[in-house]
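As structure tokens, the structure follows; a few thoughts come after it.
The values are calculated or read from the model by the stated rules, or taken from the named source; none is laboratory data. The structure presented is a predicted model; accordingly, all values stated were derived computationally and were not measured. Don't worry about glycine lacking a Cβ; one is built from the backbone with ideal geometry, like all the others, and counts go over all protein chains shown. These accessible areas exclude ligands, DNA and RNA; they are computed on the full protein's heavy atoms, side chains included. Shrake-Rupley method; radii C 1.70, N 1.55, O 1.52, S 1.80 Å.
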Amino acid sequence: MFESLRVGVQLTESCNLACQHCSTFSSPKVTTTLDRGYVRDILQQVKQIDPDAEIGFTGGEVFYVRDLLYYAIGLVRELGLSYSVTTNGSWAMDPAERQEVLHSVLDAKKLGLSADIYHGTAVPRRAIGLALQEALELGIEAVIRYTYIEGEDFDKIVEELGLTTEEERARVHFSGVMRVGRAVRLDHSVFPMFPEREPCLAANIVMIRSTGGIFGCCGESMYVRGQHDLRFGHIRDTPLVDVMDNRDRNLVLQTIRTLGARPLAEAAGLVGDSDEEQVLGRSPCGSCHLLLQERNRDKTHAAAEELRDRVNALRALYYGEV
Ligand code: SF4
């Protein structure tokens, strides 16, 4: 799954929506968008490192900066790389636009459609269901990424999406909402408990934020202030080859992508008794929010060092890395 290099490119933090749980603080008021020169530079560097690499375009909302998205996809095609797109699917509410957008990404390796209660205030679930069904008809590898809150009924969700076949239902991937980003304002009762031991697969993605910053994952690490173990530099002065080398020797990142963020936060004694720490400790990204605070750096490093042998064993087991 991760044999080829995976690079996430956040083209913009701008979005036509402003969801209450948004982990990237996106809205129409936010204008941060990646410079075209950086997009070209990143893709050329990626091509040098791994010609079979996959680029994941995300936002904010990528179809809100459609010209930049199509420019970037054009470069990917020119370089012979592959790409995937993550989108809020708001374009799916209009049948003609739905077809136009789907036909513009027929060669996408994957199309990820976001859906949940918060997106649902602006984008009806049935529109997302139709986008999935029409994408599959066109041969596009599409999935729905549903971010659920505690207590939601999965069968009712699939019904409201209007999905009927086993294949369609199997393409709805559920993951719980996490107390990061704008979601810090939500009531604690909405946050589900994640599995205790779960490697974070998002930590297998080198992430370029729309500011040009380079990070060790496409999650909370992009928004934790200050220097931390998953902040790798900036595209203007940090070559991606150096990032790859840093990742390989980075014990904190390796612990998160093998054992998981929650076990590491627990081992570092960072999930205290306060309500906030307890709720943060329920999820991987919430745990990373604790792990990556500069004040917790020594505790995080000491705990990771304790786990080094297990991490190396799991690297070999999961990824064949020795
Ligand atoms: S759990 Fe940590 S490594 Fe994984 S996506 Fe969240 S912030 Fe990134």
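For a Förster distance of 45 Å, can you work out the FRET efficiency between the beta-carbons of LEU79 and ASP275, rounded to the nearest 0.05?
It comes out at approximately 0.40.
Separation of region 226-298 from region 125-188 is 28 Å, based on Cα centroids.
Suppose we keep just the DSSP beta bridges with both residues in the chain; what percent of those would be antiparallel, to 5?
Percent antiparallel among DSSP bridges in the chain is about 20.
Using C-alpha pairs below 8 Å separated by at least 6 residues, the relative contact order for the chain is 16 percent.
Suppose accessible area is computed on protein heavy atoms with a 1.4 Å probe; arrange MET222, MET193, MET93, MET178 from highest to lowest.
Accessible-area ranking of MET222, MET193, MET93, MET178, largest first: MET193, MET93, MET178, MET222.
Given a Förster distance of 56 angstrom, what is the FRET efficiency for ASP298 paired with ALA96, based on the Cβ-Cβ distance and rounded to 0.05?
Plugging the Cβ-Cβ distance into 1/(1 + (r/R0)^6) gives 0.45.
Does region 142-301 come out rounded, prolate or oblate by the C-alpha gyration tensor, with a ≥ b ≥ c the root eigenvalues, rounded set by a/c under 1.5 and, if not, prolate when a/b is larger than b/c and oblate if not? Here region 142-301 falls in the oblate category. For region 51-139, a Kirkwood hydrodynamic radius built from all Cα pairs, placed in the Stokes-Einstein relation at 10 °C and 1.306 mPa s, yields a translational diffusion coefficient of 118 µm²/s. Remark: the Cα gyration tensor places the chain in the oblate category, a/c being 1.5 or greater and a/b not exceeding b/c. The Cβ shell under 15 Å around ARG295 holds other residues with a net charge of -2, Lys and Arg each +1, Asp and Glu each -1. The distance between label points at GLU3 and GLU198 comes to 2.7 nm (points 7 Å beyond Cα on the Cα→Cβ vector). In this structure the amide hydrogen of GLY233, modeled in the peptide plane, comes within under 5 Å of the amide hydrogens of ILE214, none closer than 5 places in sequence on its chain. Would region 30-185 count as rounded, prolate or oblate if I go by the C-alpha gyration tensor, calling it rounded below 1.5 in a/c and otherwise prolate when a/b exceeds b/c, oblate otherwise? Verdict is prolate for region 30-185. In the neighborhood of THR86, defined by Cβ-to-Cβ distances under 9 Å, what is the net charge if each Lys or Arg adds +1 and each Asp or Glu adds -1? Neighbour charge sum, excluding THR86 itself: +2. Here, region 253-319 yields an orientationally averaged convex hull projection of 4.1 nm² when only Cα atoms define the hull.
With R₀ set to 25 Å, the beta-carbon distance separating THR211 from ASP52 gives a calculated FRET efficiency near 0.35. Evaluated with a Cβ-only charge set (Lys, Arg +1; Asp, Glu -1), the chain carries a dipole of roughly 660 debye about its Cα centre, given to the nearest 20. Dividing the summed helix terms, -39500 (n - 2.57) for each DSSP H run of n ≥ 4, by the number of residues in the chain produces a 222 nm estimate of -10500 deg cm²/dmol to the nearest 500.
From most to least packed by mean Cβ count within 10 Å, the peptides 47-58, 207-218 give 207-218, 47-58. Rolling a 1.4 Å probe over the protein heavy atoms leaves ASP245 with an accessible area of roughly 80 Å². Model label points for PHE25 and ARG66, set 7 angstrom from Cα along the Cα-to-Cβ axis, are 2.9 nm apart.
Pairwise over distinct Cα atoms, reciprocal of the mean inverse distance: report the Kirkwood radius of region 103-188 in Å, one decimal place. Display every interim value, and only then the final one.
On the way: mean 1/r = 0.0732 Å⁻¹.
Taking every pair of different Cα atoms in region 103-188, averaging 1/r and inverting gives 13.7 Å.
Cross-link partners for LYS109 among the lysines, with Cα-Cα distance under 30 Å and sequence neighbours closer than 8 places in the same chain left out: LYS47, LYS156.
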